[in-house]
Amino acid sequence: QVQLVESGGGLVQAGGSLRLSCAASERTFSSYAMGWFRQAPGKEREFVAAISVNGGNTNYAHSVKGRFTISRDNAKNTVYLQMNSLKPEDMAVYYCASDRSEWAVLAGSPRHWGQGTQVTVSS
């Protein structure tokens, strides 16, 4: 069973920073590509960032590139999303996701999803 547990969401002013964490329960975490998605009120879920199994490849949505950084620590079975220079339009529920296939993560159809964590940005 793969279980993803997110933490780190909260309230921050525009221009501030947050770091989201996603802890995975599977023993084969190092075999999974990881990603972050978000869904704002009234909007569909959108891709934010992804990282390959070995961390060698990262991908970002245009809206966050240069401000957000995805990373992973396979020794801790954890993926992170460092969010800097936050904007009000970044406010959303952020979801961690994983799949054995990097392409499934990039396509928005990963096998496993976390419960989501709320990020609120005030202007």
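For the reader, a short list of remarks on this structure follows.
- Residue in the stretch 13-26 that is under 19 Å from Gln1 (Cα atoms) and of a type in the set (D, E, K, R) present: yes
- Unmet criterion (only one of (1) in contact with a Lys or Arg (Cβ under 9 Å, 6 or more places away or on another chain); (2) within 17 Å of Cys22 (Cβ to Cβ)) for Lys87: (2)
- Applying the set (1) over 13 Å from the mean Cα position of the chain (by Cα); (2) crowded, with 16+ Cβ neighbours inside 10 Å to Ser63 leaves exactly one unmet item: (2).
For every residue, the table says whether it meets (1) free of Cβ contacts under 8 Å to residues at least 60 places away in the same chain; (2) open to solvent by 50 Å² or more (accessible area, probe 1.4 Å).
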site: Ser7; (1), (2): no, yes
site: Val12; (1), (2): no, no
site: Gly15; (1), (2): no, yes
site: Ala24; (1), (2): no, no
site: Arg38; (1), (2): no, no
site: Ala75; (1), (2): yes, yes
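- If you check Val119, Val93 for being of a type in the set (A, V, I, L, M, F, W, C) and open to solvent by 20 Å² or more (accessible area, probe 1.4 Å), only one passes: Val93.
Per-residue answers, yes or no, for (1) open to solvent by less than 70 Å² (accessible area, probe 1.4 Å); (2) over 14 Å from the mean Cα position of the chain (by Cα):
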site: Ala50; (1), (2): yes, no
site: Val53; (1), (2): yes, yes
site: Ser85; (1), (2): yes, yes
site: Trp103; (1), (2): no, yes
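- Residues that are under 25 Å from Asn77 (Cβ atoms), open to solvent by less than 20 Å² (accessible area, probe 1.4 Å) and modelled with pLDDT under 95 do occur in the stretch 26-35, at least one of them.
- Hey, Gln1 open to solvent by 20 Å² or more (accessible area, probe 1.4 Å) and either at positive phi or at pLDDT below 95 (or both) or not: yes
The values are calculated or read from the model by the stated rules, or taken from the named source; none is laboratory data. Given the structure is predicted, the values throughout are model-derived calculations rather than measurements. Please note: Cβ atoms are built from the backbone with ideal geometry, for glycine as well, and neighbour counts cover all protein chains shown. All accessible areas refer to the heavy atoms of the entire protein, side chains included, with ligands and DNA or RNA removed. Shrake-Rupley method; radii C 1.70, N 1.55, O 1.52, S 1.80 Å.
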